[in-house]
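Visitor: Here it is, the structure in full.
Derivation of every value follows stated rules applied to the coordinates shown; laboratory data play no part. For clarity, every value in this text was computed on a predicted model and none was experimentally measured. No Cβ is skipped: glycine too gets one built from the backbone with ideal geometry, and neighbour counts run over all protein chains shown.
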Amino acid sequence: MNEENSNFFQKVYEVAKLIPYGRVTTYGAIAKYLGAARSARMVGWAMNGSHNMPGIPAHRVVNKIGLLTGKHHFDGTNLMQQLLESEGIQVVDNQIIDFEKHFWDPFKELS
DNA sequence: CAATTGACGATAC
DNA sequence: GGTATCGCCAATT
């Protein structure tokens, strides 16, 4: 049962869906988990298509420093921040407080 | 069809 | 230690 789909994007969607409530992860972490550590940009690009994919909590995916770089792609201006705060994550100035504390590592959790 | 951009990250300087 | 540049690969222009 090897679901090694060549669909890099599809895998990104699957991992994104696995992000638990109140947790966040990074593009690089997902990319690395998929075997494309240096293709963090592709994860972000894949997320771009997540708008057509229901159930993709893209607001739980931020860059490595815990900055809400993708908030501009959401419907509103601060929708992403509100969603995160709604899950118990403190966000100030587009940056997640205690980011590493809320960081969800696919290696550690999915391993 | 070639060049540019893009929700990033790491390395070089 | 901060700035600059390259690498990734796909999509848009």
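Visitor: Would you mind working out the magnitude of the charge dipole of segment A:8-106 relative to its Cα centre, with +1 at each Lys and Arg C-beta and -1 at each Asp and Glu C-beta, to the nearest 20 Debye?
Guide: 400 debye
Visitor: Pop the C-beta distance of A:ILE97 and A:ARG38 into the FRET formula with R0 = 25 Å and round what comes out to the nearest 0.05.
Guide: Computed FRET efficiency for A:ILE97 and A:ARG38: 0.30.
Visitor: Taking the Cα atoms of chain A alone, what are Rg (to one decimal) and Dmax (as a whole number) in Å?
Guide: In Å, with Rg to one decimal and Dmax whole: 13.1, 44.
Visitor: Next question, about the same structure. Would you mind getting me the FRET efficiency between A:LEU18 and A:HIS73? Use the beta-carbon distance for r and R0 = 22 Å, nearest 0.05.
Guide: 0.60
Visitor: How much length, in nm to one decimal, is gained on full extension between A:SER86 and A:SER111, taken as 0.36 nm per residue of separation minus their Cα-Cα distance?
Guide: In short, 6.2 nm is gained.
Visitor: What is the Cα centroid distance between segment A:46-67 and segment A:80-103, reported in whole angstrom?
Guide: Taking the Cα centre of segment A:80-103 as reference, the centre of segment A:46-67 is 14 Å away.
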